[in-house]
Structure formats: structure tokens, C-alpha cells
Number of protein chains: 2
Amino acid sequence: MEVQVAAAKTNKYASSQSGDTLEIVERPNGGLSVVLADGQTSGHGAKAVSMMVVRKVIGLLAEGVRDGAAARAASDALYTEKNGKVTCTLNIASIDLETGTLVLSRNNPAPIFICHSDQVDCLDRESETLGTRRAIRPLITEIELEAGLFVVMYTDGLMHAGKRRGQPMDVCNAIQAMLDEQDPSPDQIADALLAHALNLDDQRPADDISVVALKVSVNNGDNIRRMNVRLPLE
Amino acid sequence: MEVQVAAAKTNKYASSQSGDTLEIVERPNGGLSVVLADGQTSGHGAKAVSMMVVRKVIGLLAEGVRDGAAARAASDALYTEKNGKVTCTLNIASIDLETGTLVLSRNNPAPIFICHSDQVDCLDRESETLGTRRAIRPLITEIELEAGLFVVMYTDGLMHAGKRRGQPMDVCNAIQAMLDEQDPSPDQIADALLAHALNLDDQRPADDISVVALKVSVNNGDNIRRMNVRLPLE
């Protein structure tokens, strides 16, 4: 098998900095974790909060701490530092080669989509953001790694797209339609969802938007790990 | 302008784990850092060492510590933990948007190639690996960010390719030949160098190999940040 992860990210219109932070890091016992946080409001303050949360989480994951415990620790740290006055959403998607599972941790009102065995599940149970009170827990979903698994997660900016014009984006339908096409790659999905959102907002997004797509498939290629990053500069 | 970074990585033949660790992380004041470490020997022990070094470095960079100071701190930490008995190479390539520069830190006998203004420079001054004594310093090179800048760095496995057959890889010539072609992308360069090395070793690499290519170019695309990762599973 092989895992492909793609992320696409844009700032709120006329904002020089995104309040979303996304990092993809290697797990100490094999596999990788995608960590996505969205700090309250936007701009510099939000960025500082989401970076603090992501930094905390990846530091703990690197020490072998489990995802759920890392999310709890990040929440308590944020609560302590900001006296419960600043919130931050957090998603962690981990390919855990120790357990042979995909582990999803969610502290985000935005749902996560999972497609496996031709069935699309939407994880949308009520979920608390980090930092509002002590002892916040993530919702954890664990699924055995198998070819055909597809996950899409995002920050709430995606759901707000189009609202200004009264045409909010139907994310669920958009994902379903794309997955129905022939074997889309994660970067196609992430790019298409973001492009759809930008179109609904006339290329002037009302919020920071980050989209992550993850796919587990049969390994038809080589045994080389690859990473590609593109960073537009101001 | 835009920055593209590509990394390609493979394990030593018949080794389930690479002793190289590579992470690409966002800088707190804008830009990104590529952190590449190669732990002494190979397999599990080497991996633990290179992960420790990379974790230390990315943790410090996230706090705003400068690259050179982060490299020194990682060396002292490794020296203290292993009593000077274990070494690790370290390269950091940073796009620093605060200073508008590319910053290269090198604690690695393997050279770094920089191409700018049609000139290829090879940074090959003698450089100490981390962990052998106290107060190790990196060699730092800082260059203004401009379109056309191209950097290639790698772990020593690339230079060892072909040695078993008495045909060691001429990395410098290989890079020069590729850069002479029409505007290669970083992923083409990284993939081609790794493929060349694997061919010289009959697809059975004698060491872990990691190659990173980084390019600064005119932004002909959109303002979307993208990241793609491919992880083959056992």
C-alpha cells in the first residue's frame, strides 16, 4: 500500500497571514501525522494561537504521545495561557504504522469525510474546540488501513464560502461528486474543493481556508518517499 | 515569487528504517525551513538519533530561534545525551521572509549546491557533524531571495552510490547536467538524482539516501500554498 496526502491553503482576502496552521510530520514509530489548527479570528493573533497548538501537538507526537493525549494537552495549554478566552480548532489525521490504523482526532465543528468500501461517512458529531474549558476531549475515530480509504478534512473557511452571496458551499455534495469520478488523487480533490470555494467567494475568500485530502491505495509505484511544497511569496 | 521544495528519500537496501530524517516546517515569522539529518550508522539507532536532532531543531525554529543557534543547540544536546560517541549530520535550508533571504546551515561533509545567475557554487568547505565535541558550529550561507535561485542538498548516501562497483556517483556533474536542461522543477531534480544513485547500486542502495531540491522562481501560478506527501507502506 501507499499513502498520499495533499493540502491546499489560502488566506482570507486582503489578509497577509492565515490563521490556519498545517504541518505534516513523521511519527516516531512509523507513519505520519497531519496536524491542522485554526485559531480564533484571523490575522496575526490567530496565527500565533494555531502555531502554538500545532507546535505543542507535533512536539508531543514526536515523543510518542498518542494523538488524543496530545490534543488534550494542547487544549489545556491553550486554556491556561489564554485564560479560556481564545479557542482553536484542531484536526489530527495519523497513519499509525504501529497499530496499522488511520487515527482521526477532531476538535472542530467542521466535519471530516471518510470514504471506504464505496461508502461515504461524515463525522459530524458535536465536537468542542480547544481552549474553552479544562479537560476538553477530541472525538477519536480509528479505522484499519486498507486500500481505498479516502479522508477529507478542512477548516471552517470552506463551509463559509459563498455565504456572503447567500450560496453557501455544500461541501458534502461536492466531495461526493468528486469521489464518484474515476479514482481522483488527493491533490485533485484538495485543489478542486478550494477552487470551488474561491469561485463562490469571487476569488476573495471571507476566511482562511485549508483543505487536506488523504488516500490509502495499492502501491503501484516505487518505494521512494516524496514530499513537495509550494509556497507563494508576497 | 514562489518557492518550490521537493524531497525524495529511500532506505538502505533490506533495511526497514531509514537513518535519515527530513521535515519541512513553517517558520513563525514567515517562510519555511527544510531540516535534514542523517544519524550515524543505519537502522533503528540511527533513526532515533536523527529524529532527536530534527525534533530539537524544529522545536527551536518554531520559537523563533535562528537556524545557526538551533544547530548548535542540537549538537550540544546530542553530545550531552550520547557522551560525544554518536554523530549526526544536519542541513537546514530556510526561506526566511523576515530577512528576505535563503539561509543554509551545514554540518555535513556532503556539499550543498547553489545555482544562481547561471553560476553553480558548491559549498564544500570542511564542515563538522553534530555531537562529536562541545561548541560545534554550522557553516552558514545567506543569499538574497531572487527568482532563479536553485539549491540541492543531500545525505552522504548519494555520494556513496556506485562505490561498491567502483563507479562512485559524480554528484556535481549530475546536478550541473540537469540544471543545464530547460528549467527543471525541483521534483524532477530530486527524483532524477535518486534514480541515478539507485541505478548505480542496482536498485539496492548501500546507504539511506535523501535528496532535497529547492527553487525560487517567478510566481506564474495562484496564491495557494500546497503540500503533497507520498509514503509507501511496507
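B:Glu26 meets the stated requirement of being without any contact (Cβ under 8 Å) to a residue 60 or more places away in the chain and either at the interface with another protein chain (Cβ under 9 Å from one of its Cβ atoms) or of a type outside the set (S, T, N, Q) (or both).
Restricting B:Ala110, B:Ala190, B:Ala195 to residues that are among the hydrophobic types (A, V, I, L, M, F, W, C), touching a residue at least 60 places away in the same chain (Cβ under 8 Å) and either over 22 Å from B:Ser217 (Cβ atoms) or within 14 Å of chain A (Cβ to nearest Cβ) (or both) narrows the list to B:Ala190. Please tell me if A:Leu36 is in contact with a strand residue (DSSP E or B) (Cβ under 6 Å, 6 or more places away or on another chain), within 17 Å of B:Asn29 (Cα to Cα) and aliphatic (A, V, I, L, M). So A:Leu36 does not fit the description; no.
Annotation: B:His44 fulfils all but one of (1) at the interface with chain A (Cβ under 10 Å from one of its Cβ atoms); (2) over 17 Å from the mean Cα position of the chain (by Cα); (3) not charged (D, E, K, R); the unmet one is (1). Within the range B:161-169, one or more residues are surrounded by fewer than 19 Cβ atoms within 10 Å (Cβ to Cβ), over 28 Å from B:Arg230 (Cα atoms) and of a type in the set (Gly, Ala, Ser). Per the conditions (1) surrounded by fewer than 18 Cβ atoms within 10 Å (Cβ to Cβ); (2) among the basic types (Lys, Arg); (3) in contact with a strand residue (DSSP E or B) (Cβ under 8 Å, 6 or more places away or on another chain), the sole criterion not satisfied by A:Arg106 is (1).
Number of residues in the range B:144-187 that are free of Cβ contacts under 8 Å to residues at least 24 places away in the same chain, over 28 Å from B:Gly39 (Cα atoms) and of a type in the set (A, V, I, L, M, F, W, C) equals 2. Could you list, in sequence order, all residues of the range B:198-218 that are polar (S, T, N, Q) and within 11 Å of chain A (Cβ to nearest Cβ)? Result: B:Gln203, B:Ser210, B:Ser217. As a summary of the residue check, B:Thr99 satisfies the conditions (1) of a type outside the set (Gly, Ala, Ser); (2) surrounded by fewer than 18 Cβ atoms within 10 Å (Cβ to Cβ); (3) assigned to a helix (DSSP H, G or I) except for the one numbered (3). Within the range A:219-230, residues that are within 7 Å of chain B (Cβ to nearest Cβ) reach partners that are part of a loop (DSSP other than H, G, I, E, B) with beta carbons closer than 6 Å, at six or more positions or on different chains, in the pairs A:Asn219/A:Met1. The test for being closer than 16 Å to B:Glu98 by Cα, in contact (Cβ under 8 Å) with a residue 24 or more places away in the chain and more than 13 Å from chain A (Cβ to nearest Cβ) holds for B:Gly68. Of all residues in the range A:2-36, those satisfying the criterion of being of a type in the set (A, V, I, L, M) and at pLDDT 95 or above are A:Val3, A:Val5, A:Ala6, A:Ala7, A:Ala8, A:Leu22, A:Ile24, A:Val25, A:Leu32, A:Val34, A:Val35, A:Leu36. Residue count for the range A:29-41 satisfying the condition of being touching a residue at least 24 places away in the same chain (Cβ under 8 Å) and more than 9 Å from chain B (Cβ to nearest Cβ): 8.
The residue that is surrounded by the most Cβ atoms within 10 Å (Cβ to Cβ), counting only those in the range B:202-216 that are out of contact with any Lys or Arg (no Cβ under 6 Å at 6 or more places or on another chain) and modelled with pLDDT of 95 or more, is B:Ala213.
Would you point out the residue of the range A:115-136, among those that are more than 17 Å from the chain's Cα centre (by Cα) and in a loop (DSSP other than H, G, I, E, B), that is surrounded by the most Cβ atoms within 10 Å (Cβ to Cβ)? Taking the candidates together, the pick is A:Gly131.
Yes/no per residue for (1) surrounded by 20 or more Cβ atoms within 10 Å (Cβ to Cβ); (2) more than 14 Å from chain B (Cβ to nearest Cβ); (3) among the hydrophobic types (A, V, I, L, M, F, W, C); (4) touching a residue at least 40 places away in the same chain (Cβ under 8 Å):
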{"residue": "A:Met1", "(1), (2), (3), (4)": "no, no, yes, yes"}
{"residue": "A:Ala7", "(1), (2), (3), (4)": "yes, no, yes, yes"}
{"residue": "A:Ser18", "(1), (2), (3), (4)": "yes, no, no, yes"}
{"residue": "A:Leu60", "(1), (2), (3), (4)": "no, no, yes, no"}
{"residue": "A:Gly64", "(1), (2), (3), (4)": "no, no, no, no"}
{"residue": "A:Leu78", "(1), (2), (3), (4)": "yes, yes, yes, yes"}
{"residue": "A:Asn83", "(1), (2), (3), (4)": "no, yes, no, no"}
{"residue": "A:Ser94", "(1), (2), (3), (4)": "yes, no, no, yes"}
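The values are calculated or read from the model by the stated rules, or taken from the named source; none is laboratory data. The structure presented is a predicted model; accordingly, all values stated were derived computationally and were not measured. Using ideal geometry, Cβ is built from the backbone for each residue, glycine included, and neighbour counts are taken over all protein chains shown.
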